[in-house]
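Novice: Next up is a structure, given as structure tokens.
The values are calculated or read from the model by the stated rules, or taken from the named source; none is laboratory data. As the structure is a prediction and not an experimental result, all values here were calculated from the model.
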Amino acid sequence: MKALIVCACGSVEQLRIHDMPDPSPGPGQVITGELRAMSPVTHPFVPGVEATGVVAAVGKGVTWRGKIVIAF
């Protein structure tokens, strides 16, 4: 997967895109695929505040696979 990494405090030049290993869910956790913004994006905005997605992988004790979830 791709990840946006903040390498140091400062300007946008401190941001880098890196390849990272795909995550795996721990107990009680889920991983969503195909995240989408909940509302139309207007600028400026804070990325990662609100999203919806479908649960793609689950950890021990979770039975939500395939369900739609909201994060905010």
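Novice: Can you name every residue in region 1-30 that is outside any loop (DSSP other than H, G, I, E, B), aliphatic (A, V, I, L, M) and modelled with pLDDT under 90?
Specialist: Once the filter is applied, which keeps residues that are outside any loop (DSSP other than H, G, I, E, B), aliphatic (A, V, I, L, M) and modelled with pLDDT under 90, region 1-30 yields Ala3, Leu4.
Novice: Sticking with this one: Restricting attention to region 32-67, which residues are modelled with pLDDT of 90 or more and either closer than 21 Å to Ala3 by Cα or not in a loop (DSSP other than H, G, I, E, B) (or both)?
Specialist: Val54, Val55, Ala56, Ala57, Val58 - these are the residues of region 32-67 that are modelled with pLDDT of 90 or more and either closer than 21 Å to Ala3 by Cα or not in a loop (DSSP other than H, G, I, E, B) (or both).
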